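The values are calculated or read from the model by the stated rules, or taken from the named source; none is laboratory data. In this text the structure is predicted, and so the values were computed from the model without any measurement. Cβ placement follows ideal geometry from the backbone for every residue including glycine, while neighbour counts extend to all protein chains displayed. Heavy atoms of the whole protein, side chains included, go into the accessibility calculation; ligands, DNA and RNA do not. Shrake-Rupley method; radii C 1.70, N 1.55, O 1.52, S 1.80 Å.
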Amino acid sequence: MSEKTSNEMWGGRFSSGPAAIMEEINASIEFDKRLYAEDIAGSKAHATMLAQRGIISDEDAAAISQGLDRIEREIAEETFTFSREREDIHMNVEARLAELIGPAAGRLHTARSRNDQVAVDFRLFVKKTLQQTDAALTALLAALLDKAEIHAETVMPGFTHLQSAQPVTYGHHCLAYVEMFARDRSRCRDAIERLDECPLGAAALAGTGFSIDRHATATALGFREPTRNSIDSVSDRDFALEFLAVASIAATHLSRMAEEIVIWSTPQFRFVRLSDSFSTGSSIMPQKKNPDAAELVRAKVGRISGALVSLLTVMKGLPLAYSKDMQEDKEQVFDAADTLALALAAMTGMITDMTINDDAMRAAAGAGFSTATDLADWLVRELKMPFREAHHVTGRAVALAEEAGIGLEALPLDVLQGLDKRITSAVYAVLSVDASVRSRTSFGGTAPENVTRQIAYWRGRLGS
């Protein structure tokens, strides 16, 4: 086959044939250059340890450190030239180091491989990202607690199946999300605990014959300890999968909250109002005010959970130890990290910005016979009626109120006594939405006094 025919087969983009294809699929510098700070930190720790162990001279270690400092400045200042021919961030940094300090640069790679080098870079990045996610979740939790405190007594309908169920307070509803996002924050911290081991020094897969000090490099890079098995050290990507799992669950929580904001901001609900900062208009309908920020947060979960599925699929069939397939791990994590950070910031902004329509919430809280359970509970408590019988009597009361087009609290006493002659006027004390929420004093219930106590508890947790 002629060279011309070969090139035509590969397509016009790959003008030099198979070699261009290989460069295209093999190079990762377009995305892994994002790891430059972690790569340089790992190299400096490694060079310092090599000098301390007498493997390289102090003079070479000093030259390496100074050269790496200059490279870091060049990249930060965007004066560094990245080369696709050098494939990745590791080789780009090493080549530039050789230009700056000469043969001493070649000693930096003693007792390590790109396999453990990328493993430590990526762990450092994921650890930093989890710490940033922890901080972003803490900010969102604080915003929710502020809203809950203001609305500890604001009555609203509680829903099951998106149908009015029982009255709750908006403060209590906010605290439900506090619990959810607090679990996300806990998962961040758990993931950090598991990944806090340093793979540097595992080399290609078998360790090294040089007398290195892996505990020293682990400490220098802020890890708790070194990893304990060289094969697992270079083949493990659990830390990336855990981050994506944490991110996917958090994004799902964000999406659920965003869905409520979208629904609640409609004219049919009018529970909340977003300012112009988090809304857009319509190009054709001047009356529209769309909750676009909430809708976009709701959509982000697809990208993040998709990244988790993608990396799980990459890893599922890989033999030990390192395989080039693992180059496909970073773009997924980078995109998920950026997407989650933006979604968290947007939701924190919306919660802070959001105006609550207390009157609309209160009006809706009394609709749909939401105090029916309170009537059944009263029958059990005051008349010693078995709950199943009380449930039946209450159902008949609801049917009568529905037929009359009134609420339970408006049913005349003689109508209620027609269901059970023992019912007295005292029953009306439990049929208002305010009485209903005040009565829910069981631990974790919606009573305003409970909400206030839980806010204090969570403020203490955040403070600690």
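Only helical DSSP H runs with n ≥ 4 go in: add -39500 (n - 2.57) per run for the chain, normalise by residue count and round the 222 nm mean residue ellipticity to 500 deg cm²/dmol.
Working: 19 runs with 287 residues, N = 464.
The helix-only estimate for the chain comes to -20500 deg cm²/dmol at 222 nm.
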**Asked** What nm value, rounded to one decimal, do you get for the distance between LEU342 and GLU30 when each label is placed 7 Å out toward the C-beta?
**Response** 1.8
**Message:** I need the P(r) histogram for region 23-110: all alpha carbon pairs, bin width 5 Å from 0 out to the longest distance, whole percents.
**Reply:** 3, 16, 26, 24, 17, 10, 4, 1, 0
**Request:** State the number of lysine pairs found in the chain whose Cα atoms come within less than 15 Å, restricting to pairs 8 or more positions apart or on distinct chains.
**Result:** 5
**Fill in**
On the formula 1/(1 + (r/R0)^6), with r taken between the Cβ atoms of SER275 and ALA204 and R0 of 45 Å, the FRET efficiency rounded to 0.05 is 0.20
**Prompt:** In terms of modelled amide H atoms, which long-range or inter-chain residues lie less than 5 Å from the amide H of VAL272?
**Reply:** SER265, ASN357
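Let me know the Kirkwood hydrodynamic radius for region 367-463, please, with Cα pairs as the basis and the value in Å to one decimal.
Numbers: mean 1/r = 0.0683 Å⁻¹.
Taking every pair of different Cα atoms in region 367-463, averaging 1/r and inverting gives 14.6 Å.
Pulled fully out, how much extra length does the chain show between LEU462 and LEU320, if you take 0.36 nm times their separation in residues and subtract their Cα-Cα distance? Walk me through the numbers on the way to the answer.
Numbers: separation 142, 0.36 × 142 = 51.12 nm, distance 4.13 nm.
Extending this stretch completely gives an extra 47.0 nm.
Can you give the FRET efficiency for GLU78 and HIS161, using 1/(1 + (r/R0)^6), R0 = 41 Å, r = Cβ-Cβ distance, to the nearest 0.05? Present the calculation step by step, with values, prior to reporting the outcome.
Working: r = 54 Å, r/R0 = 1.32.
Result of the calculation: an efficiency of 0.15.
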**Request:** Quote the charge dipole size of the chain about the Cα centre in Debye, to the nearest 20; the model charges only the Cβ of Lys and Arg (+1) and of Asp and Glu (-1).
**Result:** 1000
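Pulled fully out, how much extra length does the chain show between SER57 and GLN417, if you take 0.36 nm times their separation in residues and subtract their Cα-Cα distance? Could the numbers behind the result be given before it?
Values: separation 360, 0.36 × 360 = 129.60 nm, distance 9.69 nm.
Net length gain for the segment: 119.9 nm.
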**Prompt:** Ignoring ligands, DNA and RNA, what percent of the 1.4 Å accessible area of region 367-463 is carbon and sulfur?
**Reply:** 56
**Message:** Defining a contact as two alpha carbons under 8 Å apart and six or more residues distant in sequence, what relative contact order in percent does the chain show?
**Reply:** 16
**Request:** Grab every C-alpha pair in the chain, bin the distances at 10 angstrom width from 0 up to the longest one, and report whole percents.
**Result:** 4, 16, 20, 18, 15, 11, 8, 5, 3, 1, 0
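Decide, for region 289-396, between rounded, prolate and oblate: order the square roots of the alpha carbon gyration tensor eigenvalues as a ≥ b ≥ c, take rounded if a/c falls under 1.5, and otherwise choose prolate if a/b is larger than b/c, else oblate.
Oblate, because a/c is 1.5 or more while a/b does not exceed b/c.
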**Message:** Can you list residues from other chains, or at least 5 along the same chain, whose modelled amide H is less than 5 Å from the amide H of VAL168?
**Reply:** MET156, GLY158
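Just to confirm a number: summing +1 for Lys and Arg and -1 for Asp and Glu over residues other than GLY54 whose beta-carbon lies under 15 angstrom from that of GLY54, what do you get?
Numbers: positive: ARG53, ARG107; negative: ASP58, GLU59, ASP60, ASP213.
Within the 15 Å Cβ shell, the charges total -2.
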**Asked** For the residue pair GLU99 and SER211, what label-to-label distance in nm results when each label sits 7 Å from Cα along the Cα-to-beta-carbon direction?
**Response** 3.8
**Fill in**
The answer for region 367-463, accessible area per residue at 1.4 Å probe in Å², is 54
**Request:** Could you pull the accessible area for ILE64 with a 1.4 Å probe, rounded to 10 Å²?
**Result:** 0
**Prompt:** Got a sec? Which residues in region 357-395 would a label at ALA426 touch, if it sits 7 Å along Cα→Cβ and we count backbone N under 12 Å?
**Reply:** 378-384
**Prompt:** Separation between the ARG70 and VAL309 pseudo-spin-labels, each 7 Å from Cα along Cα→Cβ, expressed in nm?
**Reply:** 4.9
**Prompt:** Averaged per residue, what accessible area in Å² does region 23-110 show with a 1.4 Å probe, protein chains only?
**Reply:** 48
